[in-house]
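These notes are about the structure you will find just below.
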Protein chains: 2
Amino acid sequence: MTGAESLVRSLIAGGVDTCFTNPGTSEIHIVAALDQLPEMRCVLGLFEGVVTGAADGYARMVDKPACTLLHLGPGLANGLANLHNASRAQVPIVNVVGQHATYHLQYDAPLTSDIEGIARPYSKWLRTSQSSSEVGVDAVRAMVAARSAPGQIATLIVPADVAWSEGGRVAAVAGWAKTPSAREANIERVAEMLRSGLRTAILLSGKALYGKGLAAAGRVAAATGAQLLAPYPISRLERGAGMPQVERIQYVLEPALEQLEEFRQMILVGAQAPVTYFAYPGKESVLTPAGCDIHTLASVGEDGVGALEVLEAGLKPVPTQPEIERVERPREPSGAITLSGLATAVGATLPENAIVVDESMTSGRGMMAATRGAPPHDWLGNTGGSIGIALPLAVGAAVACPERRVLCLSADGSGMYTLQALWTMAREGLKVTTVIFANRDYAVLKREFSYLGVGDPGRRALDMFEIGCPDLDWVRLAKGMGVPARRVDSLEGFVGALREGFESQGPSLIEVPL
Amino acid sequence: MTGAESLVRSLIAGGVDTCFTNPGTSEIHIVAALDQLPEMRCVLGLFEGVVTGAADGYARMVDKPACTLLHLGPGLANGLANLHNASRAQVPIVNVVGQHATYHLQYDAPLTSDIEGIARPYSKWLRTSQSSSEVGVDAVRAMVAARSAPGQIATLIVPADVAWSEGGRVAAVAGWAKTPSAREANIERVAEMLRSGLRTAILLSGKALYGKGLAAAGRVAAATGAQLLAPYPISRLERGAGMPQVERIQYVLEPALEQLEEFRQMILVGAQAPVTYFAYPGKESVLTPAGCDIHTLASVGEDGVGALEVLEAGLKPVPTQPEIERVERPREPSGAITLSGLATAVGATLPENAIVVDESMTSGRGMMAATRGAPPHDWLGNTGGSIGIALPLAVGAAVACPERRVLCLSADGSGMYTLQALWTMAREGLKVTTVIFANRDYAVLKREFSYLGVGDPGRRALDMFEIGCPDLDWVRLAKGMGVPARRVDSLEGFVGALREGFESQGPSLIEVPL
């Protein structure tokens, strides 16, 4: 058995059954092994930012890693920005990166690079496999590292001769790393805080934002009157009718300060204390009011879900039903396109059990309010602030959950970063409806320019913020990659296009000129 | 004066007058400075791979650096793959990368990353500026490093508060680093080798492949009977009618071995000894025959051009006219599309003084033979093997040389990596004619699969190599970004489309289905 075969078999044995990839010559033996092993689904991306972003979206939905297969240092480098986002989403990913044959490195051939150096900034676990007999064990180590709480990026570099040599041995996972429990003292302290009667927020992150974590948090909030919050960068939030009410912290400084002003206490569950994305001269970085007592229930990497359940068990009285979002769909809007009308349209049409991927930036800030009472759904956001994640995330979420509908909301500037994802949606027949908000601006930067106190942008600065001239034609771009697309010019047109998209058996794209 | 203003003024004073960019909030004060200083031309790319690849193309044509302006770690990360190629092209580039305000870093906001770690693998010079009073001097240091032979990537990280604080000071370049001369002993040794009568190749790289370097090499070859060679990864080769004959070393192993078989001696001028891109089990990595005496005239970073001139002066007799390519355009082809016919069409139509950017991969291997006798032109290739460089290179070359025509030859798989470059071509009205060879394959990988001895690829492997299904429609993709485009179905159609492209006042794209 070659090293490559032992690698793939070990990954499959460890539960990794999906490989997002763009391979090259140095990975051919791994491709040959994948060729023989249909237990691993392979999904091709035409650019590695699609590959890593898809692995992120996949992991957010199924709580286990996909692997990527990437071509040498440059292939990994192309995927780094979405690994940045994935590292902030705290998801498990196993990157498999090819390397030149060990004896070939001495020649410094054109594609030679410091792959470990490129991988290090975003890899919590990193190793170059040394022999065909070890690469199976290395795969197990990578999977164990990736699945260590809260979810990590593990990168395994595989030299070509390690892959092609005989002597491979399939390795089995002996057990996953146990997630450390939150410290009892912290749970007791938080219970005290919740009994104090002071206005308290519970800031949730990671697994505390969906499933049994969110359910426990909802009951704690109901029993204590605390407010559940999510950070602006949301990895995955389960929401909609019947779900506990969770407020997302605002992106813009002043509304965020206002939103948090009332809180005297804040409890962190796998979350960092809220801060601004950027510094602004003379303004705050910290969003909580002075004197707000911030305490950690469970730190990043501790079992926040378990801590919430212990906390809940210790609270009296425990209500059987937390305060939940009520079913409340807005009515279908009509008329000229407005941002609030677009949000209303989404609220009116979102199918049950949908996955919403949201990188709508300035165009979509009303979306969450309009979908509070829509049927239950998951909301995935940009966690690291590196734009170009929405379309790849949608690919990964749709691959992970083929029975669910994915609504991908993307700003035009963000969408251009990784538009190649549309091709993968078409090839794989993914049920993704992509909405492009075509304001033809990096609108957030225009706002930030003035906000930073440097006056109004002049013509030369505007040329760096305005992406019209020429206008991007998303209908052509989508059709050019095999995705049916249309442009809408009214809210009723948008509603119709959404409904059609949600009913189709494959991807579609809707361009909304703003 | 702010740090940002001193930075931009220092760059301009040092001769950097072009900035390829995709900025973000943390770079806004630098944008504000650029807004006020029209001496710096700013060119926006919708993805950073376009930005860095354009900086590479620019530098290849004008032998001085452009700067990039990139948004934090992820913006730099998106540009890394083409910095890989640029590092192999040995061109000067000054990257300016924003960073959070120094006091904001402690909060680990979502976009926080190890920017130095991300920059290090491809930066020969790297520094995070510490204060507004120093950032001007840092810019000078970066420019001096970038322009040190053979041309280097220098990365200057600028925290937002360094940019926005007052106290900036414009700094001037005291002098550029002197390029070390080749060692006399090496020149003497090479002169002896050339007198030996043994069959000798001179492998040229960097500045020895154009201008006075190539002219001197041509005269040395003419005087001694040596054969001039270029490595397969060509940064810039001046060629065509009237230019010295230079053979490019073949990409594929066996033809390359055959090509070099005759040589008993090889002289390296700024070049590495030729090796294969990849290792293949049981095959050679080294392309020169056993017993070939390889000697360095000038190593990378030494003055190869000067060494050739010294060498030439010591040789007798020095012919006034080296052996040159004769004017010999092929006749315009017609009929069904074939690879050789496409090459003939390019040879028949290439305008004088054109710049050819070549990432045509398997589809374009006849291009150089067909253009040997075309009017003089420059040929730019993929130097690092990371695909997705052609379109960005074409942007940079066209910005550098607005009076010249650029012909950009790209494989479809390569073009998809950085297709956003088409938008920049349209916005800037660049005279680039892009040809997409649409074979709907990563054809090189199909070949490599069998070549690596793992048999014929099965269906699952082919799904990782074939990029049809759905077919990419490059006419729609180009028009979607504002570039006029057409698909041709005959060689006469291709000739007509090329001629039209070469006469137009802006970009165009031709899709050639194969």
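Given (1) within 8 Å of chain B (Cβ to nearest Cβ); (2) assigned to a helix (DSSP H, G or I), identify the lone condition not met by A:Asp56.
For A:Asp56, the exception is condition (1).
Which of the numbered conditions does B:Ala397 fail, given that it passes all the others? Conditions: (1) farther than 22 Å from B:Val91 by Cα; (2) in a helix (DSSP H, G or I); (3) of a type outside the set (D, E, K, R); (4) away from every other protein chain (no Cβ under 14 Å).
(1)
Would you check if B:Gly468 is at pLDDT below 95, touching a strand residue (DSSP E or B) at 6+ places or on another chain (Cβ under 9 Å), in a loop (DSSP other than H, G, I, E, B) and surrounded by fewer than 20 Cβ atoms within 10 Å (Cβ to Cβ)?
It is true that B:Gly468 is at pLDDT below 95, touching a strand residue (DSSP E or B) at 6+ places or on another chain (Cβ under 9 Å), in a loop (DSSP other than H, G, I, E, B) and surrounded by fewer than 20 Cβ atoms within 10 Å (Cβ to Cβ).
Within the stretch A:457-491, restricting attention to residues that are among the acidic types (Asp, Glu) and facing another protein chain (nearest Cβ under 8 Å), which residue is farthest from the chain's Cα centre (by Cα)? Lay out the reasoning, then the answer.
We begin by selecting, within the stretch A:457-491, every residue among the acidic types (Asp, Glu); these are A:463, A:466, A:471, A:473, A:489.
Next cut, facing another protein chain (nearest Cβ under 8 Å) only: A:463, A:471, A:473.
Working: A:Asp463: 30, A:Asp471: 28, A:Asp473: 27 Å.
Taking the candidates together, the pick is A:Asp463.
Just need a number here: residues in the stretch B:210-256 that are farther than 21 Å from B:Ala313 by Cα and either of a type in the set (S, T, N, Q) or more than 20 Å from the chain's Cα centre (by Cα) (or both).
9
Taking B:Val444 and the conditions (1) away from chain A (no Cβ under 12 Å); (2) touching a residue at least 60 places away in the same chain (Cβ under 8 Å), which numbered condition does it fall short on, given that it satisfies the others?
Unmet for B:Val444, out of (1) away from chain A (no Cβ under 12 Å); (2) touching a residue at least 60 places away in the same chain (Cβ under 8 Å): (1).
Can you spot a residue in the stretch A:91-99 that is part of a loop (DSSP other than H, G, I, E, B) and at the interface with another protein chain (Cβ under 9 Å from one of its Cβ atoms)?
There is no residue in the stretch A:91-99 that is part of a loop (DSSP other than H, G, I, E, B) and at the interface with another protein chain (Cβ under 9 Å from one of its Cβ atoms).
In this structure, does B:Ser113 turn out to be in contact with a helix residue (DSSP H, G or I) (Cβ under 7 Å, 6 or more places away or on another chain), crowded, with 21+ Cβ neighbours inside 10 Å and part of a loop (DSSP other than H, G, I, E, B)?
Details: in contact with a helix residue (DSSP H, G or I) (Cβ under 7 Å, 6 or more places away or on another chain): yes; crowded, with 21+ Cβ neighbours inside 10 Å: yes; part of a loop (DSSP other than H, G, I, E, B): yes.
Spelling it out, B:Ser113 is indeed in contact with a helix residue (DSSP H, G or I) (Cβ under 7 Å, 6 or more places away or on another chain), crowded, with 21+ Cβ neighbours inside 10 Å and part of a loop (DSSP other than H, G, I, E, B).
Within the stretch A:1-33, can you find the residues that are in a strand (DSSP E or B) and more than 30 Å from A:Ile387 (Cα to Cα)?
Correct list: A:Thr2 only.
Name, by its number, the condition in (1) at the interface with chain A (Cβ under 8 Å from one of its Cβ atoms); (2) within 18 Å of A:Asn85 (Cβ to Cβ) that does not hold for B:Tyr103.
In the conditions (1) at the interface with chain A (Cβ under 8 Å from one of its Cβ atoms); (2) within 18 Å of A:Asn85 (Cβ to Cβ), B:Tyr103 misses (2) alone.
Only one residue in B:Leu198, B:Leu228, B:Leu209 is of a type outside the set (Gly, Ala, Ser) and surrounded by fewer than 20 Cβ atoms within 10 Å (Cβ to Cβ). Which one?
B:Leu198
Got a sec? Which of A:Arg331, A:Arg264, A:Arg326 is more than 26 Å from A:Tyr451 (Cα to Cα), more than 14 Å from chain B (Cβ to nearest Cβ) and out of contact with any strand residue (DSSP E or B) (no Cβ under 8 Å at 6 or more places or on another chain)? Before you say what the answer is, go through the steps one by one.
On the way: A:Arg264 fails: out of contact with any strand residue (DSSP E or B) (no Cβ under 8 Å at 6 or more places or on another chain); A:Arg326 fails: out of contact with any strand residue (DSSP E or B) (no Cβ under 8 Å at 6 or more places or on another chain).
None of the others qualify; the one that does is A:Arg331.
Identify all residues within the stretch B:34-50 that are part of a helix (DSSP H, G or I) and at the interface with chain A (Cβ under 9 Å from one of its Cβ atoms); write none if there are none. Quick ask: steps written out before the conclusion?
The first filter runs over the stretch B:34-50 and keeps only residues part of a helix (DSSP H, G or I), leaving B:34-36, B:48-50.
Matches in the stretch B:34-50: B:Leu34, B:Asp35, B:Gln36, B:Glu48, B:Gly49.
Could you list, in sequence order, the residues of the stretch B:269-309 that are within 23 Å of the chain's Cα centre (by Cα), assigned to a strand (DSSP E or B) and within 13 Å of chain A (Cβ to nearest Cβ)?
B:Val275
Looking at the stretch B:366-389, which of its residues are without any contact (Cβ under 8 Å) to a residue 40 or more places away in the chain and away from chain A (no Cβ under 14 Å)?
In the first step, residues of the stretch B:366-389 are kept if they are without any contact (Cβ under 8 Å) to a residue 40 or more places away in the chain; the result is B:366, B:369, B:387.
Listed by number, the residues that qualify are B:Gly366, B:Ala369.
Only one of B:Gly373, B:Gly381, B:Gly364, B:Gly385 is more than 21 Å from B:Leu514 (Cα to Cα) and surrounded by fewer than 22 Cβ atoms within 10 Å (Cβ to Cβ). Can you tell me which? If you could, list the steps in order and put the result at the bottom.
Numbers: B:Gly381 fails: surrounded by fewer than 22 Cβ atoms within 10 Å (Cβ to Cβ); B:Gly364 fails: more than 21 Å from B:Leu514 (Cα to Cα); B:Gly385 fails: surrounded by fewer than 22 Cβ atoms within 10 Å (Cβ to Cβ).
Exactly one residue qualifies, and that residue is B:Gly373.
Just for the stretch A:7-25: of the residues that are within 14 Å of chain B (Cβ to nearest Cβ) and β-branched (Val, Ile, Thr), which one is farthest from A:Ala146 (Cα to Cα)?
Among them, the one singled out is A:Thr25.
If a residue must be within 14 Å of chain B (Cβ to nearest Cβ) and among the aliphatic types (A, V, I, L, M), how many such residues does the stretch A:400-434 contain?
Result for the stretch A:400-434: 8.
So, in the stretch A:475-514, how many residues would count as being in contact with a helix residue (DSSP H, G or I) (Cβ under 7 Å, 6 or more places away or on another chain), under 28 Å from B:Ala485 (Cα atoms) and assigned to a helix (DSSP H, G or I)?
Of the residues in the stretch A:475-514, 5 are in contact with a helix residue (DSSP H, G or I) (Cβ under 7 Å, 6 or more places away or on another chain), under 28 Å from B:Ala485 (Cα atoms) and assigned to a helix (DSSP H, G or I).
Based on this model, can you work out whether A:Ile337 counts as in a strand (DSSP E or B) and not basic (Lys, Arg)? Quick ask: steps written out before the conclusion?
On the way: in a strand (DSSP E or B): no; not basic (Lys, Arg): yes.
No, not satisfied.
Given the options B:Thr434, B:Thr424, name the one that is outside any helix (DSSP H, G or I) and of a type in the set (S, T, N, Q). So that I can check it myself, show each step before the final result.
Values: B:Thr424 fails: outside any helix (DSSP H, G or I).
Sole residue among the options that is outside any helix (DSSP H, G or I) and of a type in the set (S, T, N, Q): B:Thr434.
Here's the yes/no breakdown for (1) out of contact with any Gly (no Cβ under 7 Å at 6 or more places or on another chain); (2) surrounded by fewer than 17 Cβ atoms within 10 Å (Cβ to Cβ); (3) without any contact (Cβ under 8 Å) to a residue 24 or more places away in the chain:
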position	(1), (2), (3)
B:Phe449	yes, no, yes
B:Arg459	yes, yes, yes
B:Asp489	yes, yes, no
B:Ala497	yes, no, yes
B:Ser504	yes, yes, no
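For the stretch B:191-209, indicate whether the set of residues that are under 25 Å from the mean Cα position of the chain (by Cα) and without any contact (Cβ under 8 Å) to a residue 12 or more places away in the chain is non-empty.
no
Looking at (1) of a type outside the set (A, V, I, L, M); (2) within 27 Å of the chain's Cα centre (by Cα); (3) within 12 Å of chain B (Cβ to nearest Cβ), can you tell me which one A:Ser165 breaks?
(2) is the only condition that A:Ser165 fails.
Which residue pairs have Cβ atoms under 6 Å apart, sit 6 or more places apart or on different chains, and have a first residue in the stretch A:103-130 that is under 18 Å from A:Thr25 (Cα atoms) and a second that is modelled with pLDDT under 95 and β-branched (Val, Ile, Thr)?
That search, which allows pairs on different chains as well, returns nothing.
For residues in the stretch A:255-314 being of a type in the set (Asp, Glu) and in contact (Cβ under 8 Å) with a residue 60 or more places away in the chain, which is surrounded by the fewest Cβ atoms within 10 Å (Cβ to Cβ)?
Taking the candidates together, the pick is A:Glu262.
Identify, please: which residue in the stretch A:59-90 is of a type outside the set (S, T, N, Q) and at positive phi and is, among those, nearest to the other protein chains (Cβ to nearest Cβ)?
Result: A:Leu72.
The values are calculated or read from the model by the stated rules, or taken from the named source; none is laboratory data. Nothing here was measured: the structure is a model prediction, and the numbers come from that model. We place every Cβ from the backbone using ideal geometry, glycine too, and count neighbours over all the protein chains shown.
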